[in-house]
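The values are calculated or read from the model by the stated rules, or taken from the named source; none is laboratory data. Given the structure is predicted, the values throughout are model-derived calculations rather than measurements. Note that each Cβ is placed from the backbone with ideal geometry, even for glycine, and that neighbours are counted across all protein chains shown. Note: areas computed on protein heavy atoms with side chains; ligands, DNA, RNA excluded. Shrake-Rupley method; radii C 1.70, N 1.55, O 1.52, S 1.80 Å.
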Amino acid sequence: MTTRHRTAVLISGRGSNMLALIEAARDPDYPAEIALVLSNRADARGLAAAKERGIATAVIDHKIYAGRDEFEKSMQVLLDLHRIEFICLAGFMRILTPSFVQRWHGRLINIHPSLLPAFRGLDTHERALAEGVKIHGCSVHFVVPSLDEGPIIAQAAVAVEEGDTPESLAARVLEKEHVIYPAALAALARGALEIRGNRVVWKFGATPPEVFPRS
Ligand code: GRF
């Protein structure tokens with residue numbers, strides 16, 4: 001029987017990546033179970049979707065805490081209570097402290113809507129169009145203290161088309177996000193990822209998902 005590692009998904013909003021992870025984890029052979037969805041915002045749309053699917057949800061409102069350390073202490077208590085082994089950030093709009101990130105080293109991953117290291121930060125699709133890039137995409141990476149850095153686990157690319165708007169480009173990239181995030185979590189939970197310096201090696205014959213757009 002597949003060992004299913006208890007995973008928390010941290011969200012602040014829509015939660016479409018969260019849903020992609022929940023859907024993937026419905027397969028009994030998927031090596032992770034989404035055991036908790038945690039949001040820093042009570043109005044995060046993804047919370048209702050998670051609840052409907054019978055997933056434990058929790059809200060820890062960062063605004064009631066004196067600082068990041070206190071906020072993260074509460075998160076850690078909850079993560080411990082739910083015996084969480086891995087964390088997926090999925091549109092979680094809080095910066096994590098180095099000590100939290102260090103504590104979860106190698107077990108904390110994020111999805112970012114650009115081909116890192118290009119376009120770290122926000123408004124990636126607008127900026128990609130403004131720069132006139134022909135290829136754009138998304139990345140799943142291990143989280144390190146510096147924002148949107150950390151060893152890259154998987155990437156997927158889309159071609160930028162004439163007439164693309166930030167919204168149309170975002171929609172095509174999002175489809176790819178929903179493919180690579182579940183694949184990356186599966187590899188992590190199977191123990192198939194090894195961090196060597198700034199690189200991630202896929203082991204045991206596991207391979208990253210499709211990287212380039214089909215022509
Ligand atoms: C996604 O574009 C993700 O790459 C970024 O935030 C967005 C979250 O969207 N980190 P959703 O909440 O998963 O729908």
Margin query: Can you compute the helix-only [θ] at 222 nm over the chain? Use -39500 (n - 2.57) per DSSP H run of at least 4 residues, normalise by all residues, nearest 500 deg cm²/dmol.
Written below: -10000 deg cm²/dmol
Next item on the list: Rank by packing, highest mean first: peptides 85-96, 126-137, 39-50, with packing defined as the count of other Cβ atoms within 10 Å averaged across residues.
Entry: 85-96, 39-50, 126-137
Note to self: Given a 1.4 Å probe and heavy atoms of the protein chains only, how would you sort ARG68, ARG14, ARG172, largest accessible area at the top?
What the structure shows: ARG14, ARG68, ARG172
Margin query: What would the Debye equation give as log₁₀ I(q)/I(0) for the range 98-215 at q = 0.10, 0.22 Å⁻¹, counting only Cα atoms as equal point scatterers?
Written below: -0.30, -1.21
Notebook entry, point to check: P(r) of the chain in 10 Å steps, Cα pairs, percent per bin?
Noted result: 8, 34, 37, 17, 2, 0
Check: Taking Cα atoms, how many degrees apart are the long axis of helix 68-81 and the longest axis of the chain, rounded to 10 and kept between 0 and 90?
Finding: 70
Item checked: Dimensions in Å of the range 39-152 - Rg and Dmax from alpha carbons -> 15.6, 47
Check: For the range 27-94, what's the radius of gyration and Dmax over Cα atoms, in angstrom?
Finding: 12.6, 42
Notebook entry, point to check: Among PHE100, THR124, ALA58, whose Cα lies farthest out toward the positive end of the dipole of the range 38-160, if unit charges sit on the beta carbon of Lys, Arg (+1) and Asp, Glu (-1)?
Noted result: ALA58
